[in-house]
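Everything below concerns the one structure shown next.
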Amino acid sequence: KRVLILNGPNLNLLGTREKSIYGGDTLADIEALCRETCEKLGMACDFRQSNHEGELVDWIQSARKTADAIVINPAAYSHTSVAIHDALRTLDQPILEVHLSNIHQREPFRHHSYVSAVAKGVICGLGPRGYTLALEAVAEILN
Ligand code: DQA
């Protein structure tokens, strides 16, 4: 089984920016954690990050044929992107939404995510562990 793990804007800066909110792990650290977890679960891992909404939409569209599940941290686009919502809702595959921080504890503009309505489940506030929990859930759902 193949999992596409998508990361939205500014997540390339993890480990250097707003460490008190997002922790000290870099995106490379999270990628390594995801690869290790996928290997353990017997799944192939395609891990990507983009700062561009359209690129994320393109990747989601191509996932229709190339992925069995999607784990996505849409970052700021969670709160703004009808385009990502629409792209995701065309998929039949399970979608798991992850946020490192607890978005409900933060500014009101982060409390709503356009992705949650099309996600099978949402994990937030558990840091990088959210990604591994999402991957474990994916493995269980696909089996
Ligand atoms: C985030 C939360 C978003 O509100 C924010 O814009 C991010 C990261 C998280 O992982 O906690 O960039 O998705």
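The values are calculated or read from the model by the stated rules, or taken from the named source; none is laboratory data. Note that the coordinates shown come from a computational prediction; the quantities given were computed from them, not determined experimentally. Neighbour counts run over all protein chains shown; Cβ positions are idealised from the backbone, glycine included.
Let's see how each residue does on (1) touching a Lys or Arg at 6+ places or on another chain (Cβ under 9 Å); (2) polar (S, T, N, Q); (3) surrounded by 15 or more Cβ atoms within 10 Å (Cβ to Cβ):
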residue: Asn7; (1), (2), (3): yes, yes, yes
residue: Leu14; (1), (2), (3): no, no, yes
residue: Asp25; (1), (2), (3): no, no, yes
residue: Glu36; (1), (2), (3): no, no, no
residue: Glu39; (1), (2), (3): no, no, no
residue: Gly42; (1), (2), (3): yes, no, no
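Kindly indicate the residue of region 64-103 that is surrounded by fewer than 16 Cβ atoms within 10 Å (Cβ to Cβ) and in contact (Cβ under 8 Å) with a residue 40 or more places away in the chain and also farthest from Cys45 (Cα to Cα) among those meeting that condition. Result: Ala76.
Which members of region 84-94 meet the condition of being over 10 Å from Val115 (Cβ atoms) and either within 16 Å of the ligand (Cβ to nearest atom) or modelled with pLDDT under 95 (or both)? Correct list: empty.
Being part of a helix (DSSP H, G or I), of a type in the set (Ser, Thr, Tyr) and near the ligand (Cβ under 9 Å from one of its atoms) is a property that Ser101 lacks.
Would you mind stating whether Gly54 is in contact with a helix residue (DSSP H, G or I) (Cβ under 9 Å, 6 or more places away or on another chain), loosely packed, with under 15 Cβ neighbours inside 10 Å and not β-branched (Val, Ile, Thr)? Spelling it out, Gly54 is indeed in contact with a helix residue (DSSP H, G or I) (Cβ under 9 Å, 6 or more places away or on another chain), loosely packed, with under 15 Cβ neighbours inside 10 Å and not β-branched (Val, Ile, Thr). In region 107-138, the qualifying residues are those that are in contact (Cβ under 8 Å) with a residue 60 or more places away in the chain and either within 23 Å of Lys19 (Cβ to Cβ) or surrounded by fewer than 18 Cβ atoms within 10 Å (Cβ to Cβ) (or both), and the one that is farthest from the chain's Cα centre (by Cα) is Glu136.
What do you reckon, is Arg48 over 17 Å from Val118 (Cβ atoms) and part of a strand (DSSP E or B)? The answer is yes for Arg48.
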